[in-house]
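The values are calculated or read from the model by the stated rules, or taken from the named source; none is laboratory data. As the structure is a computational prediction, the values presented were derived from the model and not from experiment. Don't worry about glycine lacking a Cβ; one is built from the backbone with ideal geometry, like all the others, and counts go over all protein chains shown.
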Number of protein chains: 2
Amino acid sequence: MKRVKLTVAYDGTNYCGWQIQSNGITVQQVLNEALGSLLGEEIKTVGASRTDAGVHALGNVAVFDTTSRIPPEKFSFALNAGLPADIRIQKSEEVPPDFHPRFTTTVKTYEYQILNRTFGDPARRLSSFHWYGKLDLEEMQEAASYLVGKHDFKSFATASPDVNSTVRTIYSIRLWKENDMIHIRVTGNGFLYHMVRIIAGTLMEVGKGKIRPGQMKDILAAEDRRAAGPTACALGLTLMEIRYPEWES
Amino acid sequence: MKRVKLTVAYDGTNYCGWQIQSNGITVQQVLNEALGSLLGEEIKTVGASRTDAGVHALGNVAVFDTTSRIPPEKFSFALNAGLPADIRIQKSEEVPPDFHPRFTTTVKTYEYQILNRTFGDPARRLSSFHWYGKLDLEEMQEAASYLVGKHDFKSFATASPDVNSTVRTIYSIRLWKENDMIHIRVTGNGFLYHMVRIIAGTLMEVGKGKIRPGQMKDILAAEDRRAAGPTACALGLTLMEIRYPEWES
């Protein structure tokens, strides 16, 4: 028996998120079915991040166990041949049998993209949020800096019954503009439900001048979801990478 | 009566090209219908470039005449409210009544995008051609340089009955790589049927080492479509901009 780790990219537009559910097709379901038809046995993958409907990924992670003789690094090629074009395995590799994609220390990186121009660009409409108005990038950068570090991010989360602690550590937030696209790239040891989207939504309010950068400290201190800005639209969010420092050589 | 010029962006994925035809929905048809329902009269736009099925645009151009009192620069806002998200007017402006988008000297810029990485990226699958193998960028750049200038591009065109001359002038071809994306940006006074896609397909053959850069001169001289490489896939092509030097102030 081998445990195989998959790095999974997808365009979330046409999926009801990652996690299998009864009321819509999900990425995990399509992946399980592709593995099932490849291996001739039922496969239940375990995913690292349960991304929401409409959220994209370049590097979500899933693992599964198999007795197949297919070399672990070949699963990427074999699976991509059968998967729809909006899901692409980026890498497959063997991991130790006790590697768990969720119950292991992770460093996750998300990116939120805001297309900031008068009119939308059809080619980028599914992977970025379009905002026509002015956004003050420097103010947004200052506001973001207050979020770096270990904080209680309760104000930046949608309440979720299965969460014990709302304390998380953000290692870095980089904000930059490339032509007409604003990128917000956040790296941390984990994120609460909707956390990156609420951060992005709040930073947009800062960019519009509705929230001053210094208020971010008050919003954190409030530990109240109502203190922060709105939850930014799912389609602008991409899970870029999940790293497992304990398992990396 | 006013003549209004529209700068039109679209994701060509779901359209049978620009030009109205009987066997599928086209960008021009959707645009005409949006104008018709906005103005309450039948509008027939005249387009600058009849892009093929699957080809995208950031700056195609269309004009129409109207007696409407809507200020010409407001048509962009009014039309975008009714258009599907994969078509977006970027600009609307009044032009002189004798301005014709096709029978006027133009400077057109197209860009072909090649996503050059082992596995495709779902988020960019509809706007770039994915190639997993190595491509020698410097060889491609050298090959491209031989195409700059005034040449008979018969070898780089699919034969078309309504074309008198196959001589065109390419002002510039820029080839560069940004992370994993190769951009081929071509500016010229006009392009023959499939010309940019055949140039892109031929440059990919150069990148793969199947055609030497210096052979481009022989391919041009052959004046024979069979001398060049294959026609690259439509989805990698975007019409970036059409300029009208005679009409610009």
For residues that are touching a residue at least 12 places away in the same chain (Cβ under 8 Å), out of contact with any helix residue (DSSP H, G or I) (no Cβ under 6 Å at 6 or more places or on another chain) and buried (at least 20 other Cβ atoms within 10 Å of the Cβ), tally how many sit in the stretch B:18-42.
4
Note on the stretch B:152-169: residues under 18 Å from the mean Cα position of the chain (by Cα) and either surrounded by 14 or more Cβ atoms within 10 Å (Cβ to Cβ) or not assigned by TED's automatic domain parsing to the domain that holds B:ILE211 (or both) are B:PHE153, B:PHE156, B:ALA157, B:THR166, B:ARG168, B:THR169
Residues of the stretch B:119-167 that turn out to be over 15 Å from B:ALA232 (Cβ atoms) and part of a strand (DSSP E or B), as a count:
5
Restricting to the stretch B:168-205, give me the number of residues that are in a loop (DSSP other than H, G, I, E, B) and either in contact with a strand residue (DSSP E or B) (Cβ under 7 Å, 6 or more places away or on another chain) or within 30 Å of B:PHE119 (Cβ to Cβ) (or both).
7
Can we say A:LYS134 is away from chain B (no Cβ under 14 Å), surrounded by 18 or more Cβ atoms within 10 Å (Cβ to Cβ) and basic (Lys, Arg)?
no
Conditions (1) charged (D, E, K, R); (2) under 14 Å from A:THR238 (Cα atoms); (3) touching a strand residue (DSSP E or B) at 6+ places or on another chain (Cβ under 8 Å): number failed by A:LYS2:
(2)
Determine which single condition A:ARG174 fails, assuming it passes every other condition in (1) exposed (fewer than 14 other Cβ atoms within 10 Å of the Cβ); (2) within 21 Å of A:ALA221 (Cα to Cα).
(2)
Confirm whether B:ARG197 is modelled with pLDDT of 95 or more, closer than 23 Å to B:THR7 by Cα, surrounded by fewer than 20 Cβ atoms within 10 Å (Cβ to Cβ) and under 13 Å from the mean Cα position of the chain (by Cα).
no
Going through the stretch A:138-151 in order, the residues found to be surrounded by 15 or more Cβ atoms within 10 Å (Cβ to Cβ) and either among the hydrophobic types (A, V, I, L, M, F, W, C) or more than 14 Å from A:ILE211 (Cα to Cα) (or both) are A:MET140, A:ALA143, A:ALA144, A:LEU147, A:VAL148, A:HIS151
